[in-house]
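Asks: Could you have a look at this structure, given as structure tokens, before my questions?
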Amino acid sequence: MTTRRDIILGAGSAALVLTAGAAGATPQEAAAAIQAFIGGKPAAKGNISIDLPEIAENGNTVPLAITVDSPMTADDHVTEVLVVAEANPLPRLAIFHLGPMAGRAEVATRIRLAATENVTVVAKTSKGAVIMAQKPVKVTIGGCGG
Amino acid sequence: MPASIRQGVLDRPLSRAMTATVTMGLVIALAALFGVAPAAADERPGPAPLATGDASARPWKRYDGWPDRDASAFNSLANPHASPPAPTAPRRLDGPVTGDAGNGAKLVADRTRGGSCLACHVMGQAGNADLPGNVGPDLSEIGNAGLSDEQFWNYINDARVYNPSTIMPPWGAHGLFNDKEIGDIVAFLKTLKVPAKFATDVDDPAKRPAPVEKRDNLDPTTNPAMWAVDDAAALYKKRDASSGFACATCHGDPAARFSTWAAAMPRFEPRLGHVLGVEEFVFRHAKATTGANWPMESDENIAMGVYLRNLANGQPIKVDITSPDAKAAYERGRLLADTKVGELNFSCRDCHDPARGGLKWIRGQWLGEPKGQLDHFPTWRTSLNQIWDIRRRFQWCSVAIRGNELPPDAPEYGDLELYLAAVNAGRTLSVPGIRH
Amino acid sequence: MVEKPRIKLPPEAKKGEVIEIKTLIAHDMETGLRKDKDGKPIPRKIINKFTCDFNGKPVFSADLEPGIAANPYLAFTVRVEESGTFRFAWFDDDGTVTTADGAIKVT
């Protein structure tokens, strides 16, 4: 069962919906992980492409690829990328550190998802911008039960 | 000469073999003594030596972490007559069914009793219409279908009274639901009069796209099972502490020697009287030659099973089913694929034949058809971070449908694997696979 | 059987080219949230950090949490301006550090 709550993150930011998950995390924990990362700065919906399956074959290993639109110059580049899975018991999944030598702001990994939930990606840039995007993932319910 | 080559070993007619073995043993022992590497590919002609006895633990103990339910009271592939017989006629009910539809709505979504009805049926908004399956018909409007209470009740209790070849589990007759619970489910079904509304297309099994496996299973950064190939390559060369022999001692360069071997397995082994798959062969042959102890389902055995097939990747599966013994084994395998197993009373075909449940959804999981089910085994399982060989896959199928598994070297599994390999003839090996 | 980390790295590239690097390390990534058969909690043990340096300079790093899947896979890009050596390091909760190197020729 899910309930929906809108949570505003900082003045002037886009509201992202964080749903309560079955696995013990609350939207507050996920929001706190995001707040700790962006330190009160306002977050804007930005050009972040999140590549996740629409249905994950299972919650144990879910491939995730992130691309943040950025020139990645010495002057203007992504510095950090946060990934949060709001319904996981431990919502923060990773923080990636990039620099101009990265060439592109692209990262891929494999994550664990405790339940059908939203995955939120937050990126910080060298110019002080904070951008955010979110994608829902359905975690397959297996056929034969327990 | 290593004792293991003399005791409990099947080989050619004894006298000649003994002489040859002694000679070979001496040659190799002398070579080792004088630090001279034996010539590569020192294989003797004739059938491979095989250790007799069991190839896995006895008594067989189910794996840790698997449900520990004992289903001896129901069919297994070794005991296809254990389950109570189907009722001969529908049960007559005294009056209309009175049940708690609210509890029924919970029961049809309850995964602890065999997947729940939603595993196979769309049922309106039951379970939030969250990834229901479509092995069985959509029941969202079954309340308007004009079925009597007695028909509803008996269909759930044991549908075989209406359709002897049904796939429906005998929920009541096999004790998964009691009479009261069946009544609750009937009460709920009678309320179903409106098509399901799905939150997304992905929830609707009629619209959900069938999964297509696109991963590069042989890419070592994609597939953790590729580490097993390296592990086995090292095991192949490792000299056994007692015998001093390695696989390499007799077989030489593995890439050359085994470039096609695994594609012709499994095969009927006359000396054992049953079908021998790669994993069982590895155990019996290693034990009878180098002395290495790699029972089925051990890490070493699994790695060798991956390796020997990996060396034959690209080869078409081609197993013998023409010799009289192999033909009989194939026939047994074919019948085993039709044998009902477990509390849920499913045969392989019930789930995997496209004419029944195959190429349909069971909850959120796709049921594949037999073609394509073997060429990628052993496979990495992303849901478990384990490599599964085909025998473990057979074992889990039985346990998942609330039946008892057999030991991995059960002759029934050999017959079934031979049958599956014959059905998959021509498909090329690509091992290790990567799957859910 | 200790599995060595896997690195996918092109052996050559043109100056200024952005290359893709893929890495995989064998690790259970024990979350600390599971309990054993007797109900006792299994302690957390994960790779908590990954770093990639090129010719001694940090290029990419990741702080990892239990929500990263077992056998952690990390893929990222690097713009190469000169030949040199990548050094990859994985840091376990227990203090062990696993390293791997990869060379690239840039023309």
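The values are calculated or read from the model by the stated rules, or taken from the named source; none is laboratory data. Note that this is a predicted model, so its numbers are computed, not measured. Ideal geometry is used to build each Cβ from the backbone, glycine not excepted, and the neighbour counts take in all protein chains shown.
Asks: Go through the stretch B:198-238 and give me each residue that's under 30 Å from B:Asn157 (Cβ atoms) and surrounded by fewer than 20 Cβ atoms within 10 Å (Cβ to Cβ).
Replies: Residues satisfying the conditions are B:Asp204, B:Ala206.
Asks: Let me ask something additional. Given the condition farther than 18 Å from B:Gln365 by Cβ, surrounded by fewer than 18 Cβ atoms within 10 Å (Cβ to Cβ) and over 24 Å from the mean Cα position of the chain (by Cα), answer yes or no: does some residue in the stretch B:154-161 qualify?
Replies: no
Asks: Kindly indicate which of B:Asp389, B:Asp409 is under 22 Å from B:Thr260 (Cα atoms) and either in the same structural domain as B:Trp60 (by TED's automatic domain parsing) or aromatic (Phe, Trp, Tyr) (or both).
Replies: B:Asp389
Asks: Quick check, is B:Ser165 among the hydroxyl-bearing types (Ser, Thr, Tyr), assigned by TED's automatic domain parsing to the domain that holds B:Asn301, out of contact with any Cys (no Cβ under 8 Å at 6 or more places or on another chain) and over 21 Å from B:Thr191 (Cβ atoms)?
Replies: no
Asks: Further question: On the basis of being within 23 Å of B:Arg356 (Cα to Cα) and not assigned by TED's automatic domain parsing to the domain that holds B:Leu344, does B:Leu176 make the cut?
Replies: When the stated conditions are applied, B:Leu176 passes them.
Asks: Could you tell me how many of the residues in the stretch A:53-76 are crowded, with 16+ Cβ neighbours inside 10 Å and away from every other protein chain (no Cβ under 11 Å)?
Replies: So the count comes out to 2.
Asks: Out of the stretch B:359-386, which residues are closer than 26 Å to B:Gly314 by Cβ and either among the charged types (D, E, K, R) or outside the structural domain of B:Gly433 (by TED's automatic domain parsing) (or both)?
Replies: B:Glu369, B:Lys371, B:Asp375, B:Arg381
Asks: Could you list, ordered by first residue, the pairs with Cβ atoms under 7 Å in which the first is in the stretch B:58-74 and within 12 Å of chain A (Cβ to nearest Cβ) and the second is in a loop (DSSP other than H, G, I, E, B), at least 6 apart or interchain?
Replies: Hits for this filter: B:Pro67/A:Gly146; B:Asp68/B:Arg62; B:Arg69/B:Arg402.
Asks: Right, here's the next one. Suppose we filter the stretch A:77-112 for residues that are in a strand (DSSP E or B), at the interface with chain C (Cβ under 8 Å from one of its Cβ atoms) and in contact with a helix residue (DSSP H, G or I) (Cβ under 6 Å, 6 or more places away or on another chain); how many remain?
Replies: So the count comes out to 1.
Asks: With (1) under 30 Å from B:Pro137 (Cα atoms); (2) in contact with a Gly (Cβ under 6 Å, 6 or more places away or on another chain); (3) of a type in the set (Val, Ile, Thr) as the list, and B:Val275 as the residue in question, which single condition is left unmet?
Replies: Among (1) under 30 Å from B:Pro137 (Cα atoms); (2) in contact with a Gly (Cβ under 6 Å, 6 or more places away or on another chain); (3) of a type in the set (Val, Ile, Thr), B:Val275 violates only (1).
Asks: Go through the stretch C:51-99 and give me each residue that's among the β-branched types (Val, Ile, Thr) and free of Cβ contacts under 8 Å to residues at least 12 places away in the same chain.
Replies: If the condition is that a residue be among the β-branched types (Val, Ile, Thr) and free of Cβ contacts under 8 Å to residues at least 12 places away in the same chain, then C:Thr96, C:Val97 are the ones that fit.
Asks: Might you check whether a residue that is outside the structural domain of B:Ile390 (by TED's automatic domain parsing), assigned to a loop (DSSP other than H, G, I, E, B), small (Gly, Ala, Ser) and at pLDDT below 95 occurs anywhere in the stretch B:188-196?
Replies: no
Asks: Every residue in the stretch B:387-429 that is within 14 Å of chain A (Cβ to nearest Cβ) and at positive phi, please.
Replies: B:Arg402, the sole residue that qualifies.
Asks: Looking only at residues in the stretch B:94-122 that are surrounded by 15 or more Cβ atoms within 10 Å (Cβ to Cβ) and away from chain A (no Cβ under 14 Å), which one is farthest from A:Cys144 (Cα to Cα)?
Replies: B:Val97
Asks: Considering only the stretch C:1-104, give the strands (runs of 3 or more DSSP E) lying wholly within it that have at least 2 residues that are hydroxyl-bearing (Ser, Thr, Tyr) and within 13 Å of chain A (Cβ to nearest Cβ).
Replies: Those strands (runs of 3 or more DSSP E) span C:73-79.
For (1) within 14 Å of chain C (Cβ to nearest Cβ); (2) within 30 Å of B:Thr289 (Cα to Cα), each residue gets a yes or a no:
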{"site": "B:Ile182", "(1), (2)": "no, no"}
{"site": "B:Pro195", "(1), (2)": "no, no"}
{"site": "B:Phe198", "(1), (2)": "no, no"}
{"site": "B:Arg215", "(1), (2)": "yes, no"}
{"site": "B:Ser243", "(1), (2)": "no, yes"}
{"site": "B:Asp253", "(1), (2)": "no, yes"}
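Asks: If you take the residues of the stretch B:130-152 that are among the small types (Gly, Ala, Ser) and closer than 25 Å to B:Asp350 by Cβ, which of them is farthest from the other protein chains (Cβ to nearest Cβ)?
Replies: Applying the filter and picking the extreme gives B:Ala145.
Asks: Still on this structure: Against the conditions (1) in contact with a helix residue (DSSP H, G or I) (Cβ under 9 Å, 6 or more places away or on another chain); (2) of a type in the set (S, T, N, Q); (3) under 16 Å from B:Asn313 (Cα atoms), where does B:Thr260 fall short? Just the number, please.
Replies: In the conditions (1) in contact with a helix residue (DSSP H, G or I) (Cβ under 9 Å, 6 or more places away or on another chain); (2) of a type in the set (S, T, N, Q); (3) under 16 Å from B:Asn313 (Cα atoms), B:Thr260 misses (1) alone.
Asks: What's the number of the only condition in (1) assigned to a loop (DSSP other than H, G, I, E, B); (2) modelled with pLDDT of 95 or more; (3) surrounded by fewer than 16 Cβ atoms within 10 Å (Cβ to Cβ); (4) not acidic (Asp, Glu) that B:Lys180 fails to meet?
Replies: B:Lys180 satisfies all of (1) assigned to a loop (DSSP other than H, G, I, E, B); (2) modelled with pLDDT of 95 or more; (3) surrounded by fewer than 16 Cβ atoms within 10 Å (Cβ to Cβ); (4) not acidic (Asp, Glu) except (1).
Asks: With respect to A:Asn118, is the statement that it is buried (at least 19 other Cβ atoms within 10 Å of the Cβ), over 16 Å from the mean Cα position of the chain (by Cα), within 22 Å of C:Glu65 (Cα to Cα) and within 14 Å of chain B (Cβ to nearest Cβ) true?
Replies: No; evaluated as a whole, the condition is false for this residue.
Asks: Does the stretch B:295-309 contain any residue that is surrounded by 16 or more Cβ atoms within 10 Å (Cβ to Cβ), assigned by TED's automatic domain parsing to the domain that holds B:Thr428 and in contact with a Gly (Cβ under 8 Å, 6 or more places away or on another chain)?
Replies: No, the stretch B:295-309 has no match at all.
Asks: Do we have B:Gly333 as at pLDDT below 95 and in contact with an Asp or Glu (Cβ under 9 Å, 6 or more places away or on another chain) here?
Replies: no
Asks: Scanning the stretch A:121-146 for residues that are more than 14 Å from every other protein chain (Cβ to nearest Cβ), out of contact with any helix residue (DSSP H, G or I) (no Cβ under 9 Å at 6 or more places or on another chain) and of a type in the set (S, T, N, Q), which turns out farthest from B:Cys351 (Cα to Cα)?
Replies: A:Thr125
Asks: Taking the condition among the aromatic types (Phe, Trp, Tyr), within 14 Å of chain A (Cβ to nearest Cβ) and more than 30 Å from B:Val122 (Cα to Cα), does B:Trp361 pass?
Replies: Criteria not met by B:Trp361.
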